[in-house]
Structure formats: C-alpha cells, structure tokens
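Asker: My questions will all concern the structure given below.
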Amino acid sequence: PPGLRNYPLSEGELTMTIQVGDKLPEAKFRVMTAEGPQVKTTDDIFKGKKVALFAVPGAYTGTCHKMHMPSITLNANAIKAKGVDTIAVTSVNDIFVMQAWKRDTDQKDQVEFLADGSAKFASALGLTSMRPKLASLARRR
C-alpha cells in the first residue's frame, strides 16, 4: 500500500504474512488486568470479533513509541467507527514493559496490549528476524 515502508532486517523481500480474514495461529498472550498478569488465547481475543491488530518491533523503540502508538490512539475512534470491536497491539516484550508502555501511550484505554514475550506468535506468523549486530530476535513490521 502507498506509504507502507518495510525495512529489511535480513536478506529477501518483506511481504505481509497475514491478510484480512486469515486464521491466526493459536497462541497465548500475557495481558495485565486489575488482578495482575493473565493469559489470553488467540480465541479469547479474536474469535467472532473484528480486530485491528498492530504488530510492532518493540515497546519504547523510537518509531513505535513516537509514531506508531500515537497514530493508533489518535485514530482509535475512526478505526472503531469502521466496525472494529478491538484494537490490539502486540510486541515481543514482557507484560511489565507492555503495561508501562500502555500507561505512557494509551491514557484513554482504547487499545489492548498483548505481550508476546517468547515471540511464539510472531514466529508462527513469520514476523521475526535475527539481528546479528544486536544478537537478538526482533519482530518485523
């Protein structure tokens, strides 16, 4: 789509690995609730719902923190006006980082933050890449 930029993190062309209507792989996310950390499955989040899912490389990373999250929260009402039941963001971070990032970016509580700390969901979708210089696994945009 126009304006979409994919920056290669490894060799090969980057393409979207999921499309609207695709069945998502079964996964467990950590979410923070008033009772503390809880587990939600893909069925808990997506089954029978229209969900706008944003998968980002990392909480507090420059672009994700300064551009992606403000854009998502500023446009949350317009997204929901299109019939979206839930707006969710997932990243390969632990639940405590995601909780702090929600606190710092989503004061109106419009977005569900899904911690994929083990990167199992990202890996199942082919959304990971190795960053040799950083010696870490990262989620692709």
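Asker: I'd like the Karplus ³J(HN,Hα) series for the stretch 80-90: coefficients 6.51, -1.76, 1.60, θ = phi - 60°, whole numbers in Hz, and an x wherever there's a Gly or Pro.
Answerer: Each residue's phi maps through the Karplus curve to give 5, 5, 8, x, 7, 7, 9, 9, 10, 10, 10 Hz.
Asker: With a ≥ b ≥ c the root eigenvalues of the C-alpha gyration tensor of the stretch 15-135, is it rounded (a/c under 1.5), prolate (a/b larger than b/c) or oblate?
Answerer: rounded
Asker: A further question on this structure: Just by accessible area at a 1.4 angstrom probe, what is the order of LYS49, LYS28, LYS108 from largest to smallest? Write down the numbers at each step before the final one.
Answerer: Values: LYS49 90, LYS28 135, LYS108 165 Å².
Descending order: LYS108, LYS28, LYS49.
Asker: Given H placed 1.01 Å from N in the peptide plane, which residues other than close sequence neighbours of PHE54 have an amide H under 5 Å from its amide H?
Answerer: Under 5 Å from the amide H of PHE54: ALA88, VAL89, THR90.
Asker: Report the label-to-label distance for LYS120 and THR33 in nanometres (one decimal), using points 7 Å from each Cα along the Cα→Cβ vector.
Answerer: My value for the distance between the label points is 1.8 nm.
The values are calculated or read from the model by the stated rules, or taken from the named source; none is laboratory data. Since we're looking at a predicted model, the values are computed, not measured. Cβ atoms come from the backbone with ideal geometry, glycine included; neighbour counts cover every protein chain shown. These accessible areas exclude ligands, DNA and RNA; they are computed on the full protein's heavy atoms, side chains included. Shrake-Rupley method; radii C 1.70, N 1.55, O 1.52, S 1.80 Å.
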